[in-house]
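Before I ask anything, here is the structure I am working with.
Derivation of every value follows stated rules applied to the coordinates shown; laboratory data play no part. All values derive from a computational prediction rather than experimental measurement. Every residue, glycine as well, gets a Cβ built from its backbone with ideal geometry; the counts of neighbours run over all protein chains shown.
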Amino acid sequence: MAILIDRTKRVLVQGITGREGTARARLMRRYGTQVVAGVTPGKGGQTVEGVPVFDTVGEAWEHAGPVDVSVLFIPAPLVKSAALEAIAAGVKLLVIVPDRVPIYDVLEIVYAADRAGARFVGPNTLGVLSPGEGVLGMIGGQAASAREWFFSGPVGITSRSGGITTSLAYYLARAGVGASTLVHVGGDPVVGLPHPAIVRLFERDPATRAIVLFGEIGTSQEEQVADLVEAGEVTKPIVAYIGGKGARGGTRFSHAGAIIEGGRGTYEGKVERLRGAGVTVVDAFDDIPGAMRDVLARLGVPLREETP
């Protein structure tokens, strides 16, 4: 099993005729994702990578059949209208790839999704990948590299950095540790499925035995994960690394959401809170694979031989 994406999910690409939309539709299809339709207003009737294009999400739903997921490659100012259109049409999961989406637009998407019982990953995300199942967005770059770098296994990965999401899965795989699902939650201050929501999904996923969490300064996502662990709502072991150790108050580290303000969201506070809840927090990124191998050994989970 996996979370958010598997072979059964029917996927729509909004903005499929643009450069990024076309390239990523190719990645998704060649990896095995079931991309059934694309949408670009005014481009209906075309095909892209063998995928039929429609003018609206409603038309795509009517002619191509029900859609489980929509992946958005839309210019940031148009994301809100595209997302609201998909939610109104009945799509229950969105992956919002673009960055610089206005925060008030994101809040409107949150409100609409909550009312409709829908969810979204991002904005400012590389997406989601479940090895051997499917990819939503742009993780792996190309289908061939995604197959080469990642293999299915017992560890769920949740990360606030797109590049680190890929790096975590790559270096874990070199250490013989496969992944159930990789999730880049997004780098903005407000995201649809932050760390706590993803960790809850991993807790319920029978294929996930342990979790790797890459956190950053700013927001309270990591502290909320600690709350879940302390409350007994998350029982699977977590190995965490927090980026931004050298950042000072008022500075931003890498992403719009990674900023310390008013003493909140500090590196020290996150590390202390997670360790206090029993989470394994490593001091160096390179320590993650070894720490996870130790965790899986204690669980009796067999591993592959390490890859040179």
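Mind putting a number on the dipole of the chain about its Cα centre? Charges go on the C-beta only, +1 for Lys and Arg and -1 for Asp and Glu, and I need it in Debye to the nearest 20.
Details: 31 positive and 32 negative charges, 89 e Å.
With only Lys, Arg, Asp and Glu charged at Cβ, the dipole is about 420 debye.
In addition: Projecting each Cα onto the charge dipole of the chain (Lys/Arg +1, Asp/Glu -1 at the beta carbon, about the Cα centre), which of Ile164, Gly153, Gly278 comes out farthest on the positive side?
Gly153
Cross-link partners among lysines for Lys80, C-alpha distance below 19 Å, same-chain residues fewer than 8 apart left out?
The reachable lysines, counting only those whose Cα sits under 19 Å from Lys80, are Lys92.
Still on this structure: Could you pull out every one of the lysines with an alpha carbon less than 20 Å from that of Lys245, ignoring same-chain neighbours closer than 8 positions?
Candidates past the 8-residue exclusion: Lys270.
R0 = 51 Å: FRET efficiency of Asp283 with His63, Cβ-based, nearest 0.05?
The value I calculate is 0.40.
How high is the FRET efficiency from Arg30 to Arg115, r the C-beta distance, R0 30 Å, rounded to 0.05? Mind dumping the intermediate values first?
Details: r = 36 Å, r/R0 = 1.19.
Efficiency, rounded to the nearest 0.05: 0.25.
Under a Cβ-only charge scheme (Lys and Arg +1, Asp and Glu -1), can you give me the dipole magnitude of segment 150-299 about the Cα centre, in debye to the nearest 20?
Numbers: 15 positive and 16 negative charges, 47 e Å.
Dipole of segment 150-299, to the nearest 20 debye: 220 debye.
Sticking with this structure for a sec: How about Lys236: which aspartates and glutamates have a C-alpha closer than 17 Å to its C-alpha, ignoring those fewer than 8 places off in the same chain?
Glu203, Asp205, Glu222, Glu223, Asp227, Asp294
Right, here's the next one. Given H placed on each backbone N at 1.01 Å, which residues far from Gly153 in sequence or on other chains put an amide H within less than 5 Å of it?
Ala179, Ser180
Of all the C-alpha pairs in segment 10-121, what % are more than 17 Å from each other? Mind dumping the intermediate values first?
Values: 2933 of 6216 pairs.
Considering segment 10-121, 47 percent of its Cα-Cα pairs are separated by more than 17 Å.
In the neighborhood of Gly215, defined by Cβ-to-Cβ distances under 9 Å, what is the net charge if each Lys or Arg adds +1 and each Asp or Glu adds -1? Present the calculation step by step, with values, prior to reporting the outcome.
Details: positive: Arg160, Lys270; negative: Glu216, Glu222.
Charge balance near Gly215 sits at 0.
Need the full-extension length gain, Glu108 to Ala144, defined as separation in residues times 0.36 nm minus the C-alpha distance. One decimal, nm. Walk me through the intermediate numbers first.
Numbers: separation 36, 0.36 × 36 = 12.96 nm, distance 3.72 nm.
Here the segment from Glu108 to Ala144 would lengthen by 9.2 nm.
Okay, moving on. Let me check I've understood the local charge: for Thr33, count other residues with C-beta under 14 angstrom from its C-beta, Lys and Arg +1, Asp and Glu -1. What total comes out?
On the way: positive: Arg7, Lys9, Arg10, Arg24, Arg26, Arg29, Arg30, Arg147; negative: Asp6, Glu49, Asp68, Glu133.
Neighbourhood net charge equals +4.
Projected area of segment 1-49, taken from the Cα convex hull and averaged over every viewing direction, in nm²?
Taking the Cα atoms of segment 1-49, their convex hull projects to 3.5 nm² on average.
Arrange Ile238, Ile3 by Cβ neighbour counts within 10 Å, fewest through most, would you?
Values: Ile238 26, Ile3 21.
Fewest-to-most ranking of Ile238, Ile3: Ile3, Ile238.
May I ask you to compute the full-extension gain from Arg304 to Glu268, defined as 0.36 nm times their residue separation minus their alpha-carbon distance, rounded to one decimal in nm?
On the way: separation 36, 0.36 × 36 = 12.96 nm, distance 3.46 nm.
That works out to 9.5 nm of additional length.
Dividing the alpha-carbon radius of gyration of segment 150-299 by 2.2 N^0.38 Å (N being the number of residues), what value is obtained? Write out the running numbers ahead of the final one.
Values: Rg = 14.1 Å, N = 150, 2.2 N^0.38 = 14.8 Å.
Taking N as the residue count of segment 150-299, the ratio is 0.96.
Would you mind getting the Kirkwood hydrodynamic radius of segment 42-190 from its Cα pairs, rounded to one decimal in Å?
Numbers: mean 1/r = 0.0617 Å⁻¹.
One decimal place: 16.2 Å for the Kirkwood radius.
Relative contact order (percent) for segment 1-119, with alpha-carbon contacts under 8 angstrom and 6 or more residues of separation? It would help to have the intermediate numbers written out before the result.
Working: 209 pairs, mean separation 26.5, N = 119.
It rounds to 22 percent for segment 1-119.
Something else about it: At Asp294 and Ser81, where each label point lies 7 Å from the Cα along Cα→Cβ, what is the point-to-point distance in nanometres?
Roughly 5.4 nm, to one decimal.
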